[in-house]
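Enquirer: Structure in structure tokens, see below.
The values are calculated or read from the model by the stated rules, or taken from the named source; none is laboratory data. Just so we're clear, the structure is a prediction, and the values are computed from it rather than from any experiment. Here the Cβ is made from the backbone with ideal geometry for all residues, glycine too, and neighbour counts use every protein chain on show. Side chains included, ligands, DNA and RNA excluded: accessible areas come from the protein's heavy atoms. Shrake-Rupley method; radii C 1.70, N 1.55, O 1.52, S 1.80 Å.
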Amino acid sequence: MAEKKLFAGHAVRRIRRAAGLTQAAMAEMLAVSPSYLNLIERNQRPLAAGLMLRLAETFDFDPRSLAADEPGGGAEAIRRRLADPMFADIGIDRAEVDEWLAAAPGGAAAFARAFDRLRDGGAATASDEADSVQAVRREIERWRNHFADLDAMAEQVADELRMGAGDLYGAIGERLRVRHQLSIRILPVEVMPDRLRRLDLHARQLQLSEMLDPASRSFQAGYQLALIEARAEIDALVQGAGFGDRVAERFFRRHLGSYFAAALMMPYARFLRACEATGYDVELLQRRFGAGFEQVAHRLTTLQRVGARGLPLFMIRVDRAGQVSKRYGGASGAALVEAGGRCPLWRLHAAFDRPGEIVRQLVALEDGSRWFTLARTVQPQGQRVGAVRAEFAIGLGLDAALAAPLALARGVDLKDGEATPVGLGCRACARGDCPQRSAPPAGRALVFNERERGLSPFAFAGD
């Protein structure tokens, strides 16, 4: 897959201003012309690899931060927000968004933060904990859920474990015992009725519940290994996020530990090769790597290694009430992930009626984009007979134009086939002929005609 050009004008301008330099002075230091530097800062020229290295050497920073630090998640993420019906009468085009990011990246980032806060319930009602979760989501989005250092380290450890034993869980357990004086003990549910994992430092034990299946035992053991062996890498990422909030730091640290554990179970190069060989067959990948459906689905959103990228899939997890507990857009640019609401015509919700079965669907958004999506239910570990049994639906998808390699897309006319018209929730959808509509779109005046009745009880201006 062709590499994307790196447009990082906002980051270059921030570096220059932090150093107190004019464009002419910085251009002289980098051995380029002031006019060329001006074009780079205005995002009219990509940042060449050689110039990026000179920047890093001259101003002492990690060059990867240039690609990771796009205000509001970058131009595509800003455009998704501006697609909201409240901006329908403004008509902001792509060029204006690019100019905005180039000229005022801080303002674009502030807009994105304010929009996200309003979409998620408003500043007046958002709790500190909700703010922390949103801050972590923004940081994950900033990195497109790909942490190269963790991936590389996990891949190296996985290779070392394979050399010692074919059983990953046993190999992790042996490494914890020999290198870190931690033994793994499986405890009955009566002893751990409300815990799946517990670290007992006094007994030097990682205690796991007997309710965990083999994939989850490997994951939890890998998570503990991450907290020990990848501590420096995780600390650096947490500190670099600059949350200033202990709750956000701990939440992000947990995400990074889980990321390492998944990368240990599904090492990048081997996993990507298997994806391409199997057509991203999630159930087959589960068996090949000894992982759960949700673990594989999440891993698919992380395949963004430079020079070895996978398909840009998104993942979302919802409950029966439509509440989102996980959302990873990765490099997909999917508005379906970021939307505050969901459309009942999207068969993500139909998965609850067909538990354990993969439901596929081709959908079309109002902007004309087409998406191929998959959905399947999962149940969390640790559920007992007679107890409340939780259930979630996992949604996976990507741009239909890129979906041809998927095994489950075979037989589907991705370009011209019939696609279900869906929106981003009724309040964000301006389709006037939808019989499923439950509320009028935000920012549109209702229109009443006593002599007529349309498909929807809500007729609105512009319909």
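Enquirer: Which of the residues belonging to the stretch 289-308 are at pLDDT 95 or above, over 16 Å from Leu396 (Cα atoms) and among the charged types (D, E, K, R)?
Expert: None; the set is empty.
Enquirer: Determine which single condition Arg320 fails, assuming it passes every other condition in (1) open to solvent by 50 Å² or more (accessible area, probe 1.4 Å); (2) touching a Lys or Arg at 6+ places or on another chain (Cβ under 8 Å); (3) in contact (Cβ under 8 Å) with a residue 60 or more places away in the chain.
Expert: Exception for Arg320: condition (2).
Enquirer: Given the residues Ala269, Ala232, Ala262, which is the only one that is closer than 23 Å to Arg137 by Cβ and within 24 Å of the chain's Cα centre (by Cα)?
Expert: Numbers: Ala269 fails: closer than 23 Å to Arg137 by Cβ; Ala232 fails: closer than 23 Å to Arg137 by Cβ.
Every option except Ala262 fails the conditions.
Enquirer: Which residue, of Arg162, Arg198, is open to solvent by 40 Å² or more (accessible area, probe 1.4 Å), assigned to a helix (DSSP H, G or I), among the basic types (Lys, Arg) and without any contact (Cβ under 8 Å) to a residue 40 or more places away in the chain?
Expert: Values: Arg198 fails: assigned to a helix (DSSP H, G or I).
Result of the check over Arg162, Arg198: Arg162.
Enquirer: Answer with yes or no whether Phe271 is open to solvent by less than 50 Å² (accessible area, probe 1.4 Å), at pLDDT 95 or above and over 25 Å from His180 (Cα atoms). Write out each step before concluding.
Expert: Working: open to solvent by less than 50 Å² (accessible area, probe 1.4 Å): yes; at pLDDT 95 or above: yes; over 25 Å from His180 (Cα atoms): yes.
Spelling it out, Phe271 is indeed open to solvent by less than 50 Å² (accessible area, probe 1.4 Å), at pLDDT 95 or above and over 25 Å from His180 (Cα atoms).
Enquirer: Do we find a residue being in contact (Cβ under 8 Å) with a residue 60 or more places away in the chain and more than 30 Å from Ala403 (Cα to Cα) anywhere in the stretch 250-271?
Expert: yes
Enquirer: Can you name the condition, by its number, that Asp319 falls short on among (1) within 26 Å of Gly240 (Cβ to Cβ); (2) touching a strand residue (DSSP E or B) at 6+ places or on another chain (Cβ under 7 Å)?
Expert: (1)
Enquirer: Specify the residue that is modelled with the highest pLDDT; the eligible residues are those in the stretch 385-401 that are farther than 19 Å from Gly322 by Cβ and in a loop (DSSP other than H, G, I, E, B). Lay out the reasoning, then the answer.
Expert: Just the residues of the stretch 385-401 that are farther than 19 Å from Gly322 by Cβ, to begin with: 385-387, 398-401.
Retained after the next criterion (residues that are in a loop (DSSP other than H, G, I, E, B)): 385-387.
Numbers: Val385: 58, Gly386: 63, Ala387: 73.
Looking at residues that are farther than 19 Å from Gly322 by Cβ and in a loop (DSSP other than H, G, I, E, B), I get Ala387.
Enquirer: Another one. So is Leu51 at pLDDT 75 or above and not charged (D, E, K, R) or not?
Expert: On the way: at pLDDT 75 or above: yes; not charged (D, E, K, R): yes.
Yes: the conditions hold for Leu51.
Enquirer: Looking for whichever is more than 23 Å from Gly279 (Cα to Cα) and either part of a strand (DSSP E or B) or at pLDDT below 95 (or both) here; the options are Gly322, Gly333. Which one fits?
Expert: On the way: Gly333 fails: more than 23 Å from Gly279 (Cα to Cα).
Sole residue among the options that is more than 23 Å from Gly279 (Cα to Cα) and either part of a strand (DSSP E or B) or at pLDDT below 95 (or both): Gly322.
Enquirer: For the stretch 173-195, enumerate the residues that are assigned to a helix (DSSP H, G or I) and open to solvent by 60 Å² or more (accessible area, probe 1.4 Å).
Expert: Narrowing the stretch 173-195 to residues assigned to a helix (DSSP H, G or I): 173-180.
Within the stretch 173-195, Glu174, Arg177, Val178, Arg179 qualify.
Enquirer: I'd like the full set of residues that are assigned to a loop (DSSP other than H, G, I, E, B), in contact with a Leu (Cβ under 9 Å, 6 or more places away or on another chain) and of a type in the set (D, E, K, R), limited to the stretch 358-382.
Expert: Listed by number, the list holds a single entry, Glu366.
Okay, residues lined up against (1) under 26 Å from the mean Cα position of the chain (by Cα); (2) under 23 Å from Val318 (Cα atoms); (3) at pLDDT below 80; (4) open to solvent by 80 Å² or more (accessible area, probe 1.4 Å):
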site: Gln383; (1), (2), (3), (4): no, yes, yes, no
site: Leu408; (1), (2), (3), (4): yes, yes, no, no
site: Pro421; (1), (2), (3), (4): yes, yes, no, no
site: Phe448; (1), (2), (3), (4): no, no, yes, yes
site: Arg453; (1), (2), (3), (4): no, no, yes, yes
site: Ser456; (1), (2), (3), (4): no, no, yes, no
